[in-house]
Structures are given as structure tokens and as C-alpha cells.
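Worksheet: the structure to be examined is printed underneath.
The values are calculated or read from the model by the stated rules, or taken from the named source; none is laboratory data. Remember, predicted model here, so these are calculated numbers, not experimental data. Positions of Cβ are generated from backbone atoms using ideal geometry, with glycine treated the same way; all protein chains shown enter the neighbour counts.
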Amino acid sequence: MSELIRRCNYFFLYDGSKVKGEGDPTREGICYFYPEETPLDKQDLLCGQLAGVGRCVSELSSSPVRVLRLSRNKYAIRMRDDFFWALGCSVEVPTISVCELLDQLIDLFCFYNGSVRQSYQLNSRETLAARWAQYLSHLQSGSSELHRIFSCLRTIDSTNVDPLLLLKAALILQACQRCPLVLAGCILFRGRVVSTQMSPELTMKVMVHESETYTKAQKPNGPSTSSSFGAAVSSTTVFLTMSELQYLQSTPVDKDFSSHSTPRKDAPLKKTRLSRTLSDMASTESDSSDPGPSQSPQKVSCSPCLSESDNSVFSPSPLQSTADPVNPSPQSPEPPFSNGKHSREAEDEVLEESYYQSFHSNGGGDSQIHSKGDGSVSHLNGGGGDACGTVFDFRGVESGSEKTHDDKVVGDGGVGCGSAQGHKEEVRHPPPCSGSFDNPEESPLIPMTLYLHRVKGLVLALLVEPHFLSDTASMEEVYHSSLASLNGLEAHLRTISPGAPGAPGAYIFAHFDCTQSTLTTNLSGRPGGAPEHPFVRATSLLHSHFCNTETLQEAIIRSAGAAVYGTRSVAQETYFQQHGGSPRNSGIPNHQDSAFSLPSKARHRLLKHGVNLL
Amino acid sequence: MKCLLIASESAEVLFHWTDLEFQQNIQEQYGASQEEGQGLPAFEDSISTLFAPIIISCSTMVDRLGDSYTSFTTENNHIYILHQFDECLYIAVNGDGEEGEDDLRRKIYVMKKMIEVLFGMVTLSGKLLRKELRPQDTEQRARLWKHLQSLLETYSHLRENDQSFLVEAVERLIHPTLCEQCIEFLERRLVQQLNSSVERAGEEVLHAFILVHTKLLAFYSSRNASTLATSDLLALIIMAQNMYPSNVDVDDPGPEDVESTSGSGPESFYTPEPSPTDRDSSGSDKPVRGSTPVFEFMDPDIQMAEDSLQTLEVPPPDPSTPRRVFLEVSSKDGIYPMMPHSMYCLPLWPGITLVLLTKIPTNAVATSVYKFLEAFAKLEKRLSEGQEGSAATRGQLTIHDIRGKLDKFIKALGPSELQCIDLDPVNLTYLEDFPGLIHFICVDRSTGQMIAPSLNITERTTSELGKGPLAQFIKSKVWSLVSTTRRFLQKGYSTVTLRDGDFYFCYFLWFENETGYKLEAGDIPILPDDSAPIGMLAWDYYRKLLRYYSKNHQGEVVKCYELLTVHLGVIPTEIILQHCRQLASKLWEPSRNPLL
């Protein structure tokens, strides 16, 4: 941790409800403080002062504080109910990035743990401290300064990868979606995105769990990887916001609309698309209008949360009940628990649901990152990666035995602890919706399941309905239909050399795709040492400026050291710097000045990187 | 919703200014927390109570962490800027989106500058300043705060509406003949006569200048005077505007008015709006800017035959009562900040003001500031006594006489000529010369002077930009362009071009030597976000920049220029850059501007 450039200097969560009385020590309110080795009195001081000033300012302005700046540190702040989060970075980090980082961190926590208040009611501070630390370290690690500026996804270097492999990944995901219980998925290789059907924000959240299991798998004496098979299939409960769920469940045609009509409250409006796959790139228009095989109405009908009326949320809705087959009102403006009448009921249910989860989880409740399945793959026939040539090795999980079945397994009971009893539970508490009541205005969180199937460095991550785990037939179908292709894909990706380090060319560029939240750059992506790079500094400034000025289309800025050109459209931001060839200039306006030829040079040079600025 | 507050370390309010909305907000909050039956507490108490936790937390953070708050932002985009100057904490708040962080920080620095100009070296001691800013006597305190509040409002108004306060450089009127005549008058008839008078009681006129609204028509400094710093000059213009607000937005005469004044019809005279006196003005009776000016139609000869003082003395502040101001003096030994001067401000004509700066012999500086102040107080008294009876002033050039002479002089010039000059300071037909160019501002940072076409935004007037909403829109673009380029300059970028909507903006900063040779672009220092605002009024960034740049150009006089342009976006960039180049070389040509 210490070797990483620490982007975040301080992070803490302070619970003001624990410090109401005059005599209550500040310490009582500190839920988590990073760095943990900070002396306690300094923790007290920072929490007490910042939370105090934050409260005072929010009262004066009748609005929660968002940013607190000091001369040496700046803090992104989130205040919800009595909770006070603060994330402190050095003042050089753009404010917008600090705020994004804090939002990501809190969103991550909620994604894996549900509501913060409930998490702290159900778990010890120590347990949750470990999770905050994990998320924080995940967000800080491994990415370059440029990636941090844009808070973008880390993707495989598509210039090095045969486009057919990307197509293959996309097809695997589409095949999985044939199962009506599968909402969406993504394929990751060594911590980088190969293909995803989810929004960038959601993909980013899923990747935390992936990297966690990956690290565990990598460690020679890791806890759960003693057998040669490892835990190929695992799952964990995750919590989606209403808008995330609605987005996943809407048809691709509607997605553009729904992403506009239900934007996240404080996130900049981003157009998101279903799938970042090659097939999309090839023929964007036709693809998006084609409902495709994965969008059968049946799939939609399995999501009780989307039924038209609030009442149905509370009434038993059997699995096969057919709601509106066309479109179950994905844009229902009101979250199910927005009215107080239902909230208490919902809260009770949430508690029960949570106990249910912890009761049934293997790890005994403390860890929700647990392995439920134990199926694994033995080998791949010929490594050709073609589906019909594979041999399956699927171990029934419920048996727990080491016995392997060749060819297909006939699933009898449920899979893992989901089992028959779990199914009944599902029926008794049909709506797996748990409210996050941290803020009544925010949509409640709905528990879903994240299913992971790992093949060495490759991971298939699927967001599935919770009862997918108890539906043996579906699980097997998904497992078997993807197994061979995953093996093939992994074998291919593994052999790809990590590409020659971008030769120090005549220019540097960075191209950010806002829709897919991906970055293409020829600047060495090594973490560390980057922020003082003139190109990174200029990019960071221009990006902030673009974010704050809607009408701005392009800009050239020049210091004594470098001239950088930036341009943006709704979907992308591109930055370009030409090396060398900058003769003496006085800074006086001069049309022969090389700085002003940057736009045409960028247009010309970036074409070969697939960046079209015309 | 706006507020500016100065507090001592013990959370005592030393000064506050709030707009009505902020005041109501505070009162509502305070009212809510008050118990029933109790009346609302005094506003000062409420504001002090509400801000106290923030102020105390500030000192705790400084004491225990060695770090201090610089800003807060809320989710509904209220901005709080905090800055500690010695023992005084300044807090500026905006909750209506009209001011950004930079604007608020600038406001804080300007407030500090005005306090320095008014109180001088006292500001160097927290204790003394506390006494000055918060007199025991509540009436006295109210008067002082009212005065400071009105200065702050004048400044804010100018910053929002006047280009020279946007870029913080003095705008000169380019009217060679008139200007020469005025300078001659200032030199021969005013400064020389006053300074040779035996009765001047040691007071010596150093600088004399004539302002048309906020623009400089003529400036004369006596031979042994040091240069008047741009920062001080801008502060004095704020003070002059505060005494005699010019309503520049509405008073600019349209072409018809000019025609009518040159004809034989009745002359139109503006009566300056009653300005609040320094002593008993109150913020609420301050004339609302933009209100219709009062016109008086009468025979000019009759008018002039009478003692013009009669009409001019309607506004309560007595121009012959000097205001003590503390200005920078640079001599061979070095730079002395905050040296006491007296400022006489005389309204000559509506919107036209004569300012005299006088100084007591400098050898007194060496003794002590307090002796200075004492002597000054005496001097003031004598001057005011001298004005009482006409017998005492016989044979002596009094302020009244000066004004009488000036009035005659101005009359001689002819009103039409005078009224013409506040039309367009840049007499360029730039629309024809530079097709596609919408606006530009050119600043010579070594002298602190700027040239720009006027941006008239009222219905009555037509500038080259047209009028009404369009001009207003372009004005808002220019204002945001300046703030953007400053942000980049702060981070070391001296060239910026932006394509924004239908416009193309350019900004250039460059250095030249005295002969006009363009020097190589050098490193510009990178400053932190909470550094002093870039400008010349409150903190002279460019003076520091020049000093920094000159390190590598020893023995050369380095000059610094800035050019901002706004073009239509459809114009090819090559053409735009050619325009910029032409403007950059043309504007400061000696033939164009005889004053430079």
C-alpha cells in the first residue's frame, strides 16, 4: 500500500448519531478512519472539526456540504442523515475527481453491503472497516493518473487483441442472457474489461469482487484455493439501486431513454449503452434496434420489482407470473418504498432478508463474499475454444463430494445452499427489495446476486436474480453454455503479449470515451510519476474545464513547456500534444505558431488509433 | 444571497456586509431557533452566533494541524471562501450563483485593500485594526461600516459592469486634443499654482487627474512625486465612484443627445444624484443604480453665471473635505507602502471628477506614522476653517476657486465636446478592419492600462455590438472568458484559445523589451488554487510576474502585454490569429495613442 502513490490522504466515516450529548466522545462516532495508523487524537480532531464545520455550513445554506478545502488538503464530503463521509486528497487532484472517488467508494460499499445504517447494525465496525479498506485500496491501486482523472474503466488493450475475440466475448454474454434469470454480465481478464453489458459504473463495482477473488486465487497459500480446481464458481449478494435495475431490465431500445429519464442524482448525465462489444461497434444502429434473443419477454417477467403497482411488490409473485410482457414500466418514477406506509414493513423484511442471507451463507454471515458453487472446469479439448469440442467437468455442488461427472450433470436438487428451502423463502418473501433509508429521496437498494465463473485469469461475471442460485436447471444451462467458450477465450487472451510499450513517439494523446468510460492513450500507463507530466497536468485542467463549461468544444493551452489541444463532443474527449519541433516562440499571436496546427495534426495522427475527430 | 464578514480570532465580528436575501435567511434561521416570546436579536448578534463555530474551527485547525480552511461548497452550490490575514479572518459567501470562487476571493482581497487605503499602517497591527474597525461607540461603528459597505457595493458594481475593473487596469480615453488641454490645465493652473501658494500649509499636490466615469481623461503628476501605483489608482477610482456614482449604464448619452447638445436648443444638465455622505449615509438610502437620472433644463448661460457650486453642492459630501488615504510611495530608498495622503474629490460635471492627491513633506515619514496622522488632522482642520469665511480666504486659492476656474475651463471646452468623449474610448472601426471580430481587450500590464471597445448594454445606446440582450450575452461571455484565462494563467498557461458555442476566444500574454522586441516566452509560475487573485487592484500579480520574468533579462526594461479577443466561430483560425497579431501591434502604436 505504501508503494502506491496515495491519491487519498484521509478517508473517514463519522456517525453523528453516536455523538449527540455534550459528553459523548468524538471517538464514539468514528466508524472508520483511514489511514488506520493515524493517532487517535488526530482522528478525533479531523472528524470533530470537519463534521462540525460541515453541519454549521449546511445549516447556513440549507444544503449538505460537498467540498471542504484547506490549504494542504481538499475533502470531498457526503452527508446523509447522521453519516458524514470525508475523503481527503492533495490539493493538486481536481475537485471533480475527488468527489467522484468518494461517490464511487460509497456506491461500492452499498453495492456489496446494502444500506450503510443496516450494515452497521448487523456487523461489527471491524468487519466493515476491512471492507472500506478493501474498496479504498481497490480504487487507488493500479491505475494511471490519466485513468484517475477520468475515473474510467480499465480495459484490455483492444489494439493488441484480435477483434474476433471481443466478438466472441460479446457472444458468450449474449448466450448467458438467454437464461431469463440473468440480467447482464461482463467478461474480465486479469482485472481488465474484455466485454461488458453493464453500465461503466456497474462494471466498475463488479470488478472489485473479481479482483478480490483473483488476488486470493493468486496467493499460493490463499485460504480457499487449496484444490487444483479452485473455486471456479462463486457468488455473492449485491445491491442495486432502482435505476440500475430498471436500466438492466429495460429493453435495449429503451435504454437510451431510461438513462436520460432516470439519471443518477449527482452524476453527470452520461449516455450509456447496453454492451461494449465489438458487435455494437460494427453496426451500431441495427444492433440497438434489434431486440435480440436475449430480450425475450419471459426474462422481463421474472423481475418482481418491476411490476406495475406497488402492491404487487408485497404480494407473492411466483416465478412464472407474467407481468406486462412488453415493458414492465421501467420508468416508474416512484420507488416502491417512497411512501412511509410501506417503509416499516419493508424494513422488517429487509432485516429478515438479511438474516436469511447470513444464515444461509457459508461464511457464517460475516463475509458475503463466499463461494456457493463449487463447479469447476477440468480441461479444454484442443484449446480451440470452439463450443462443440469441449468436455465438461461439472461438479455438483450440493454433494460437496470430489466425484466428477463427465459429460453433462443432471442437476437434481438446487445448487448449493440456495436449495429447495431457499426457494420457499423466496416465495414467502417474494420481493427481494430492501430499502436503503439513509436518504428517503434515494432509491431503495434491491438485493441481486453476482455470479462469478472463473477460468484462470478470465472471469465471467453475471448479475442474476437471487433465485438463480436455487434454480439448478438455469445455473447448469448458463454454466455449460459458456464453459467451453470461456476456456477458449482464456487460452487466446493468455497468449497475447502485452504489446510493445508505446514507443516515445512524436506525440501523446488520450482519448476518453464518455459513453463506455474507457480511455485510449499512448502515454505509458505505469502508475506513479505521472501527475507532474505536462500532458497529464494540462489534460486534468482541461477535463475539469470541459466538465464545468457545457458549451466548450475545443481548447488549446500553452505553457512554456507544452502546448496541449483538447476537444470534446457529447460522447468523447480527446487530448493531444505534439513533441518537439517547437521553435522559439514569444507568445505573441502568430498564425505560423505550431500550437495552432495541433487540431489538424491531431485529426490526422489519431485516425490510425481509431479516433475520428472529423 | 451574498455576505462578507471579517472576524477576529475570538470570533468577534469586525465588519459585515450582507445583501437582503442573506439577511432574511439569517433572520429566519435565527428566528426558528429562538424561543417563543423573545424578540429577534440584533442582526449583528445573529450573524456572529451563526458563524462562530466556523470561525472557532478555523483557529483550531490552524493551531493544531497548521492547516487552514480555504473554501466550502455545498450541494446547492453555495460557496464560502475563507482567508486569514494575520489576526483577521475574512469569509465571503455566495448563494445565488452570481459569483465564483475567484470572484469571492477577489472581493476579500479588495476589501482588505480598501481597508489598507483607509487605515494605513494601523492594519499591520491586529489589535489596532480591531479598534479601528470596531469602534466602541455604536453610532460611530454603524457609520464606519456603512461607509465600508457602500465601498464594497461600489466595487462589486464596477466589477460586474466595467471592463477596467474586470481586468483591473485603468482605461484611458483616447481624445488627444482634449487630453492635452486638460493636462496643461492640471499642470499650469492647478498643481503649480497650488504648490506655489504660501497658504498651502505644507500640503503639496502630487497628483491630479480627471476621471470621466471610471476612465482616465488626463493625469498629471508633479515633478517630485513618485509614480502612483495602478493598484492605488484603481482603489481611488472606486472611492471617487462611491462618492459620485456615475450611473454609467444609463447615462451614456445616445447619439441623439449629443446632437441636441450641439444644437441651439436648451442644454441638458445632469444633476449628480445625491450621494450619501460619509458620515450619515445609510446603505438603504443609497441611490439605486440604474434609476432615471434627474435632468434639469435651463439656460446654460444663466446656469454658469451663477455660482456653479450652488448646483454642485447639492450632494452632501463636501468636496473640500479631504479624505485621508494611504498610498504606496516609491523613492530612491525603496518602496514605502501606506503613506498618508489627502484625497480631494471634486465633481466637475456629471460623471466627470477631478481628483487631487496631496502629501505632507516626506521627511515626516521618518518620524512616526502617528505624528503624521496628527499633523494631518491639524491640516484638515485648518483647511476646513479656511473655507468658512470668505474673508479668511481672500487672496488664497481655495478649493472653491479651483472649481470655479475648472468650471470655466470646462465651459470653454464646450459641453458637446466633453459629452462626446464618453462614447467610445476606442475610436476604431474595427468591424470593418477585422471582419468577424466581436470584441477585444488589450492590456499593457507594465503601465496598468487597457484599451477596449465599450460594451454598452442599455437600450438607449448603440455600440458596435448592437444593444440589449445580444450585447448583454456577449458581455457575459467576455466576463467568463477573463475568469477562465486567469485560471489557466494561474496554472502557468499564457496562451489559451477556446471554441465555445458560436464563438472563438483567444488569450495571449507576452513580453517585450522597451524597443518593442518580442521576448521569448518564459515559464510562468504555477500558483495554488487559493493564491491571491490575478489582477492589479488588490494584489499586483503582474508586478510580481514582471519581476520574475526580468530575472533572466537583467538590464532590460521588460514590458508585459495581454490580448483577449472574441470572434465568430465560423471565422477560420488563421484569419483570427492574423487579426490578433494586427491588434497586438496596432493598438500600442504611438501614433494611435499619444499618451503612451
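Considering only region A:98-107, I want to know if a residue exists there that is in a helix (DSSP H, G or I), more than 21 Å from A:Leu445 (Cβ to Cβ), more than 8 Å from chain B (Cβ to nearest Cβ) and at pLDDT below 90. Looking for residues that are in a helix (DSSP H, G or I), more than 21 Å from A:Leu445 (Cβ to Cβ), more than 8 Å from chain B (Cβ to nearest Cβ) and at pLDDT below 90, one finds none in region A:98-107, hence no. Does A:Thr567 fit the bill of being buried (at least 20 other Cβ atoms within 10 Å of the Cβ) and more than 10 Å from chain B (Cβ to nearest Cβ)? Considered against the rule, which asks whether it is buried (at least 20 other Cβ atoms within 10 Å of the Cβ) and more than 10 Å from chain B (Cβ to nearest Cβ), A:Thr567 comes out as no. Per the listing B:Thr49, B:Thr70, B:Thr60, the residue uniquely surrounded by 14 or more Cβ atoms within 10 Å (Cβ to Cβ), under 30 Å from B:Thr484 (Cα atoms) and β-branched (Val, Ile, Thr) is B:Thr70.
I'd like the full set of residues that are surrounded by fewer than 15 Cβ atoms within 10 Å (Cβ to Cβ) and either at pLDDT below 65 or charged (D, E, K, R) (or both), limited to region B:573-585. The answer is B:Glu574, and nothing else. Residues of region B:566-582 that are at the interface with chain A (Cβ under 8 Å from one of its Cβ atoms), over 19 Å from B:Trp510 (Cα atoms) and touching a strand residue (DSSP E or B) at 6+ places or on another chain (Cβ under 8 Å): B:Thr573 alone. Within region A:121-165, the set of residues being assigned to a helix (DSSP H, G or I), closer than 21 Å to A:Ser199 by Cα and touching a Gly at 6+ places or on another chain (Cβ under 8 Å) comprises A:Leu146, A:His147.
Within region B:74-103, the residues that satisfy the criterion of being more than 14 Å from A:Val67 (Cβ to Cβ) and not in a strand (DSSP E or B) are B:Asp86, B:Glu87, B:Gly95, B:Asp96, B:Gly97, B:Glu98, B:Glu99, B:Asp102, B:Asp103.
The residue of region B:546-582 that is nearest to B:Asp502 (Cα to Cα), among those that are part of a helix (DSSP H, G or I) and touching a helix residue (DSSP H, G or I) at 6+ places or on another chain (Cβ under 7 Å), is B:Thr573.
No other residue among A:Arg80, A:Arg72 is out of contact with any Cys (no Cβ under 9 Å at 6 or more places or on another chain), modelled with pLDDT under 95 and within 8 Å of another protein chain (Cβ to nearest Cβ) apart from A:Arg72. When we screen A:Ala602, A:Ala555, A:Ala595, A:Ala562 for residues that are buried (at least 19 other Cβ atoms within 10 Å of the Cβ), away from chain B (no Cβ under 13 Å) and among the small types (Gly, Ala, Ser), the only hit is A:Ala602.
Could you tell me whether any residue of region B:91-103 is surrounded by fewer than 17 Cβ atoms within 10 Å (Cβ to Cβ) and away from every other protein chain (no Cβ under 13 Å)? Yes, that holds for at least one residue.
For the criterion of being more than 10 Å from chain A (Cβ to nearest Cβ), among the acidic types (Asp, Glu) and within 27 Å of B:Ala235 (Cβ to Cβ), B:Asp540 passes. Consider region A:523-545 and keep the residues that are surrounded by fewer than 18 Cβ atoms within 10 Å (Cβ to Cβ) and not in a loop (DSSP other than H, G, I, E, B). The one that is modelled with the lowest pLDDT is A:Pro534. Exactly one residue out of B:Pro435, B:Pro525 is more than 9 Å from chain A (Cβ to nearest Cβ), part of a loop (DSSP other than H, G, I, E, B) and modelled with pLDDT of 90 or more: that is B:Pro525. Quick check: anything in region A:39-56 assigned to a loop (DSSP other than H, G, I, E, B) and buried (at least 16 other Cβ atoms within 10 Å of the Cβ)? Among the residues of region A:39-56, not one is assigned to a loop (DSSP other than H, G, I, E, B) and buried (at least 16 other Cβ atoms within 10 Å of the Cβ), which makes the answer no.
Picking from residues in region B:73-90 that are surrounded by fewer than 20 Cβ atoms within 10 Å (Cβ to Cβ) and under 18 Å from A:Ala76 (Cβ atoms), the one that is farthest from the other protein chains (Cβ to nearest Cβ) is B:Asn77. Filtering B:Ser226, B:Ser221 for residues that are within 24 Å of B:Lys332 (Cα to Cα), of a type in the set (S, T, N, Q) and without any contact (Cβ under 8 Å) to a residue 60 or more places away in the chain leaves a single hit, B:Ser221. Residues that are surrounded by fewer than 18 Cβ atoms within 10 Å (Cβ to Cβ), of a type in the set (Val, Ile, Thr) and under 15 Å from B:Asp444 (Cβ atoms) do occur in region B:535-557, at least one of them. Scanning region B:128-139 for residues that are touching a residue at least 12 places away in the same chain (Cβ under 8 Å), in a helix (DSSP H, G or I) and either charged (D, E, K, R) or more than 15 Å from B:Ser8 (Cα to Cα) (or both) returns B:Arg130, B:Glu132.
Taking (1) at pLDDT below 95; (2) within 18 Å of B:Phe85 (Cα to Cα) in turn, B:Leu4 satisfies each apart from (1). Exactly one residue among A:Ser63, A:Ser58 is over 29 Å from the mean Cα position of the chain (by Cα) and at the interface with another protein chain (Cβ under 8 Å from one of its Cβ atoms), and that residue is A:Ser58. Among the residues of region B:471-509, the ones that are of a type in the set (Lys, Arg) and more than 10 Å from chain A (Cβ to nearest Cβ) come to 2 in all.
Okay, residues lined up against (1) modelled with pLDDT of 85 or more; (2) surrounded by 23 or more Cβ atoms within 10 Å (Cβ to Cβ); (3) within 30 Å of A:Phe546 (Cβ to Cβ):
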{"position": "A:Leu165", "(1), (2), (3)": "yes, no, no"}
{"position": "A:Ala175", "(1), (2), (3)": "yes, no, no"}
{"position": "A:Arg178", "(1), (2), (3)": "yes, no, no"}
{"position": "A:Val194", "(1), (2), (3)": "yes, yes, yes"}
{"position": "A:Glu212", "(1), (2), (3)": "no, no, no"}
{"position": "A:Lys219", "(1), (2), (3)": "no, no, no"}
{"position": "A:Glu244", "(1), (2), (3)": "yes, yes, yes"}
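Among the residues of region A:570-585, which ones are surrounded by fewer than 17 Cβ atoms within 10 Å (Cβ to Cβ) and within 9 Å of chain B (Cβ to nearest Cβ)? Result: A:Arg584, single match.
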